[in-house]
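The values are calculated or read from the model by the stated rules, or taken from the named source; none is laboratory data. Since the model is a prediction, treat every value here as computed from it, not as a measurement. A quick note on method: Cβ atoms are made from the backbone with ideal geometry, for glycine too, and the neighbour counts reach across all protein chains shown.
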Amino acid sequence: MTSTTSSSATLKILTVGSALGQISDLFAKVKSINAKHGKFDLVLCLGDFFGPVKEGEGELNADGLAMLEGQLEAPLPCYVMAGEHPIPQPVVDKFAKTGGELCTNVFLLGKSATFTTAEGLRIACLGGTYDPNIYHGSELPQGFTSPYFNSQTVSKLLSNAMTSSAPKGSSLASIMAAASSSSSVDILLSHVWPSAITEFSSAPLPSPALSNIGAPPVDEIISKLKPRYIFSSGGGQPPHFWEREPFVWDEEGGRVSRFVGLGAFGGEPPAEGKKQRWFYAFSIAPGLPTAPPARPPNATQNPFTDAPARRAKRPHDVEDGAADYRWGTTAQSGAGGNKKRSRTGPGPGGEQGKPPEGYRCKRCDSTEHFINDCPERQKPPEGYVCKICNVAGHLVRDCPTRHAVGDTGGRKPPPGYNCRACASEDHYLDDCPRVRAGPGGGGGGGRGDHGHGGRRRGPPREIGPDECWFCLSNPALEKHLIVGIGSECYLTLPKGQLLPTKDVEGGVPGGGHVLIVPIAHFPTYGSIPGELRGPVVEETEKFKTALRALYGKHGASGVFFEVGRLSAKGGHAHVQAVPVPRALADGVERAFREAGEIGGIGFDEEEAGAPVPGAEAGSYFRVELPDGRRLVHWMREGVPFSVQFGRQVLASHMKMDERADWKECAQSNEEDTADAQAFKAAFGPFDPTA
């Protein structure tokens, strides 16, 4: 069932982790992300925007002072909050004067803020960090000069969020809308994690300590406001990125909630490993759903309604015999109300941790330990090799890489794996931010759904090398079309090439339309890892030079184009080369620009010799003109782009519109083989691999 909302505007939001005072760097990065992947409507800046006060810098660093004085420009509306550290006094003074606007496009949210955007998006913010002594021991709300929140802060937030406003109109629909919107929010921002958020989740935690860092008051807020998105920035030191599976509020018509913990933008780079992911992009439609949303296929039990009750942590109030179920020491009720004995507790009449009288380990026959604690259980059989890491000496369950976490919070792939959407070695396709963003460009959908009501059937099935049209390892590859093989790339005629070869006088023998294909399986040239990209690009350029010489001998100029699409299925990078008669060469640029204007496709001119941008630059279409200049179109998320665009433009330019579709130009294997042999004979003297 597809869910829609009562509001037609879908907002695109960028959420970022703690800037820690690196404000100008953050603004520059946001501007870059917005240019490549926008346009975003607003930015939510979590955690410590200003960071701790450093010695010698006074209360505010140079970036902060420049921002307050209007000398630092935010590229988008940015909402900042209080995190682990007090807000600097100059910022507090500015907040008091303006009510929150620190400069153009930058707004400071109060510790118990709730607000509604012009589009109707309801956002709540709990600023500050949690200390149980302060939370329960103070009667006054904690201001910006304190890094903590207390019970009064939470009460004020809930009161602000749940206060009913007079409906606009007297209809039943308007009354219901006003009442409903006052009891729930779309987004909750909190520096600290909720205490129950890891319950029922199978998503690997980047650190075991994260299972016990949350603040129970945040659970209370979530239970009452039922936010659709929950963002936190204080997950560890330094903060970790972790995205939880969605969960559902069944009593609220299947309302779906998602939690994302972000790493910090600012701060020192880690001594080991990669920096934690610090941003999250998503799309959300404000308003109430007009139909129940589809239940995400990976939704878990709701940790705030189904988990065992957690008491708010109070200082020094743990009675004798009280237990913490997270450590396995609580008495649990079994069927019929019988109490289950803790494995780590004493048995009847026994000592702490010892089995009850009469118990024998089934593995070694000992009476001193349970079977799960048996030393023999830890030893693999002779000749056993772990199936995860292919190393002997431990069982699969004890493999040190079993729970390794990738850069997006999911499982880390084995060595040699590459995500086919972005070529990363550090996450699976299902955990790729590009796949999660979906066709709309947001990252909020998570696995298995769209995030704002649209239906999703999960990520497209990945194309592996054994079934890729261009991989040499595919047994179905059209090998009779291959006309040259180097160490990094090979050259092949395409199926149904653009140029005719029958009853044609002159021209390049065999047609001349060829593909330069990297042997390694990567979706685009930009997605090839840096250490491998250089040799591939170098050999590609050698093939181009050779083809220009061949085309020139036959009165033509070369046009080279590439569709660099970072698709979830994972295509295979290649460059198409087409000879264009010299008489038409000067008009190629005009042909592409005019076709682009008609189709809403803009071009940037790429500097000669510019390095190939990495995968983070996004999907693109690049065409190299006969004079060597290059035009690039950066594809926008959610905007269709035809993979046949380059062929269609050249077909029209050369008055061959009937050959714009390769399927209309397909030949028999015998005819293709004859063309390949003719081309190989002509290309032989120029072949750089010969």
Exercise. Name the residues in segment 80-117 that are of a type in the set (A, V, I, L, M), more than 27 Å from the chain's Cα centre (by Cα) and more than 24 Å from Val218 (Cα to Cα), would you?
Worked result: Val91, Val92, Ala96, Leu102
For this session: Assess whether His521 counts as being more than 16 Å from Cys471 (Cβ to Cβ) and either touching a His at 6+ places or on another chain (Cβ under 8 Å) or touching a residue at least 40 places away in the same chain (Cβ under 8 Å) (or both).
Result: no
Problem set entry | Residue among Gly353, Gly321, Gly266, Gly345 that alone is at pLDDT 50 or above, assigned to a loop (DSSP other than H, G, I, E, B), not aliphatic (A, V, I, L, M) and not assigned by TED's automatic domain parsing to the domain that holds Ala209 | Gly353
Seminar exercise, completed: Filtering segment 478-511 down to residues that are in a loop (DSSP other than H, G, I, E, B) and among the charged types (D, E, K, R) yields Glu478, Glu488, Lys495, Lys502, Asp503, Glu505
For this session: Filter the helices (runs of 4 or more DSSP H) completely within segment 144-242 down to those with at least 2 residues that are modelled with pLDDT under 90 and either closer than 27 Å to Pro296 by Cα or in contact with a helix residue (DSSP H, G or I) (Cβ under 9 Å, 6 or more places away or on another chain) (or both).
Result: 151-162, 172-181
Problem set entry | Cβ-Cβ under 6 Å pairs, at least 6 apart or on other chains, segment 143-163 side among the charged types (D, E, K, R), far side at pLDDT 90 or above | Lys156/Ser112
For this session: With the checklist (1) within 16 Å of Leu515 (Cα to Cα); (2) in a loop (DSSP other than H, G, I, E, B); (3) out of contact with any helix residue (DSSP H, G or I) (no Cβ under 8 Å at 6 or more places or on another chain) in hand, flag the one item Asp675 doesn't pass.
Result: (2)
Seminar exercise, completed: Out of (1) touching a Gly at 6+ places or on another chain (Cβ under 8 Å); (2) among the small types (Gly, Ala, Ser); (3) in a loop (DSSP other than H, G, I, E, B), the one Ala577 does not meet is (3)
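In this structure, does Val30 turn out to be in a strand (DSSP E or B) and at pLDDT 90 or above?
no
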For this session: Please work out if Cys361 is in contact with a helix residue (DSSP H, G or I) (Cβ under 9 Å, 6 or more places away or on another chain) and modelled with pLDDT of 70 or more.
Result: yes
